[in-house]
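S.K.: Quick one: this structure, given as structure tokens, is what I'll be asking you about.
The values are calculated or read from the model by the stated rules, or taken from the named source; none is laboratory data. Since the model is a prediction, treat every value here as computed from it, not as a measurement. For neighbour counting, all protein chains shown are included, and Cβ atoms are generated from backbone atoms with ideal geometry for every residue, glycine included. Ligands, DNA and RNA are excluded from the accessible area calculation, which covers all protein heavy atoms including side chains. Shrake-Rupley method; radii C 1.70, N 1.55, O 1.52, S 1.80 Å.
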Amino acid sequence: MARRGGRWTDRAGAALLCLGLAAGLSGCIGVPDAPRPQAQQAAPAAEPAPAAAAGNVIGTGSVKVALIVPLSGQGAAVGSALRNAAELAYEDFQKPNLQILVKDDRGTPEGAREAAQAAFAEGAEMVLGPLFAGSVQAAGGAARAAGKPVIAFSTDAAVAARGVYLISFLPQSEVDRIVDEAASGGRRSFAALIPETTYGNAVEAQFREAVARRGARLVGIERYPAGNPGPAVERLRRVIAGGGAQADALFVPDTADGLVAVANALTKVGFSPSRVRPLGLALWNDPRVTAQPAFQGARFAAPDTAGFSSFAQRYQARFGATPPRTASLGYDAVSLTVALVRQYGSQRFADATLTNPAGFSGLDGTFRFSPEGTSERTLAVYEIRDNAATVVSPAPKVLGPSGI
């Protein structure tokens, strides 16, 4: 976005810093964290564009930050897309006073640690990245030793910490949003089918907490091996199927491939989505899922797609490739950095600045960092109708009070 006549033009308008609370607030997927094979398959990436390998520095400004991503080895396609998105953000902001030191972590913790140490030796004030959880931990250790913050792309909330902030799509925010929406709509009895994965473990804990917070009942929950939900569905049959179903909502957090298997198993036991509403997370926004008869009428929480759609068009025009969904994180991380540099001077990367409860506005909605390093996002709620997802509750423009 260029600044003209005291206003921000629309070109990069999705990632500007929200004003602090004192001035008044002016005014988003979870996916399983790579490098687990299932997660890598869940978010297919385009082939890296040739520009991704060109140059290890973006910009010539006096403020230096590091972008640490896998440009070789595991995750290189996504890492290259994040690098491209960072360059696009830099260009959209008309070459701000910023210099981005691009470092290849080779998709390994050791590579991330080495990259962070090298970047700090070159004068970097903050790290953007890495992508994988183990790499975030390694880079975070180097950052703590140097007294510098990290804004990382991992979706594993376990690696968040004071000074290590996750800008990624955390499933916990999605769980809260969909449970709150369902409860507000009168759903009081929840059941769940949850895969036996690390991702499943994380969302189960958040789901139980969200249901309890809304004063609703948890009438049944079953876990199943990834890809084999049949026995678990059968065990839950009396709770979710037939005229005597106890639940009025069924939560199923899984990948698209896993959800197809769940839908088939639900159909076999006579599950009716018009009687027991299926609930899901951002991974439901997939044609393979929306085409399932068992999920017609289902609702799921996910970022509004408008910002990413506009970004994807510009990315395609600039780099000749379709960006993976996570590429917007690279754009938002750089856009946020530019805004902090412009508005906060020497306090630009201080913890108090990064954890401003007013939050920040990005391509995928408003977000904020907690002091513990996790993030909250405003999310839309979609309903599956006629094999397509339609927004039934738009993403709020402003986040509610922290801790609620």
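S.K.: Let's test the formula: R0 of 60 Å, r as the Cβ-Cβ distance of Ala350 and Asp257. What FRET efficiency results, to the nearest 0.05?
M.R.: 0.90
S.K.: Given Ala302, Thr322, Val381, which one lies farthest toward the positive end of the charge dipole of segment 277-404, if we put +1 on the Cβ of every Lys and Arg and -1 on the Cβ of every Asp and Glu?
M.R.: Toward the positive end, the furthest listed residue is Thr322.
S.K.: Rank by packing, highest mean first: peptides 240-253, 171-184, with packing defined as the count of other Cβ atoms within 10 Å averaged across residues.
M.R.: By packing density, highest mean first, the sequence is 171-184, 240-253.
S.K.: Give the cross-link partners of Lys64 among the aspartates and glutamates, using a straight C-alpha distance below 12 Å as the criterion and excluding same-chain residues fewer than 8 apart.
M.R.: Partners found: Glu122, Glu125.
S.K.: Given H placed 1.01 Å from N in the peptide plane, which residues other than close sequence neighbours of Gly107 have an amide H under 5 Å from its amide H?
M.R.: When sequence neighbours closer than 5 places are left aside, the close amide H contacts are Leu71, Ser72.
S.K.: Reachable aspartates and glutamates from Lys95, Cα under 17 Å, same-chain residues fewer than 8 places away excluded?
M.R.: Output for Lys95: Asp10, Glu87, Asp332.
S.K.: Pulled fully out, how much extra length does the chain show between Ala317 and Ala145, if you take 0.36 nm times their separation in residues and subtract their Cα-Cα distance?
M.R.: 57.9 nm
S.K.: So for the pair Ser370, Val392, with labels modelled 7 Å out along Cα→Cβ, what separation do we get in nm?
M.R.: 2.8 nm
S.K.: Hey, another quick one. Roughly what would the spin-label model give for Ala306 and Glu122, points 7 Å off Cα along C-beta, in nm?
M.R.: 3.8 nm
S.K.: I'd like the accessible area for Thr305, computed on protein heavy atoms only with a 1.4 Å probe and all protein chains in place. Round to 10 Å², please.
M.R.: Taking all protein chains as shown, Thr305 has close to 60 Å².
S.K.: To continue, here is another question. Using the basic label-point model (7 angstrom from Cα toward the beta carbon), what is the Arg223 to Val57 distance in nanometres?
M.R.: Label at Arg223, label at Val57, 5.0 nm between them.
S.K.: Continuing with this model, one more query. Can you bin segment 180-243 into rounded, prolate or oblate? Criterion: square roots of the alpha carbon gyration tensor eigenvalues sorted a ≥ b ≥ c, rounded for a/c under 1.5, prolate for a/b above b/c, oblate for the rest.
M.R.: oblate
S.K.: Let me ask something else. Applying 1/(1 + (r/R0)^6) with R0 = 22 Å to the Cβ-Cβ distance of Arg238 and Arg208, what FRET efficiency is obtained, to the nearest 0.05?
M.R.: The calculated FRET efficiency here is 0.60.
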